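Below you'll find the structure, written out as structure tokens, and then a few comments.
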Amino acid sequence: MKVFLTGGTGFIGAPLAKALVGRGWQVTVLTRSGTSPDPALPPSGVAGVKGDVDAGGDVRRGCGDSQRRVV
């Protein structure tokens, strides 16, 4: 399974992302920054896409398919 999370570096999202990776899911999260030691980095084993949740293009890019419906 593949999942794209917004908020995946936050208080609830980061543990959720780790749990999904632990179950064998392929996880990508939207991050505000891609530089260390920023706390907005994705958890280990999780791919990060730098962007803004308010920018639809960033969300589509994170999903990896511009044709996919984003809700």
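The values are calculated or read from the model by the stated rules, or taken from the named source; none is laboratory data. All values derive from a computational prediction rather than experimental measurement. Neighbour counts run over all protein chains shown; Cβ positions are idealised from the backbone, glycine included.
Every residue, every condition in (1) among the aliphatic types (A, V, I, L, M); (2) in contact with a Leu (Cβ under 9 Å, 6 or more places away or on another chain); (3) at pLDDT below 80, yes or no:
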residue: Phe11; (1), (2), (3): no, no, no
residue: Leu16; (1), (2), (3): yes, yes, no
residue: Gly22; (1), (2), (3): no, no, no
residue: Pro37; (1), (2), (3): no, no, yes
residue: Ser44; (1), (2), (3): no, no, yes
residue: Ala47; (1), (2), (3): yes, no, no
residue: Ser66; (1), (2), (3): no, no, yes
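Applying the condition of being of a type in the set (Gly, Ala, Ser) and part of a loop (DSSP other than H, G, I, E, B) to segment 5-28 and asking which residue is nearest to the chain's Cα centre (by Cα) yields Gly8.
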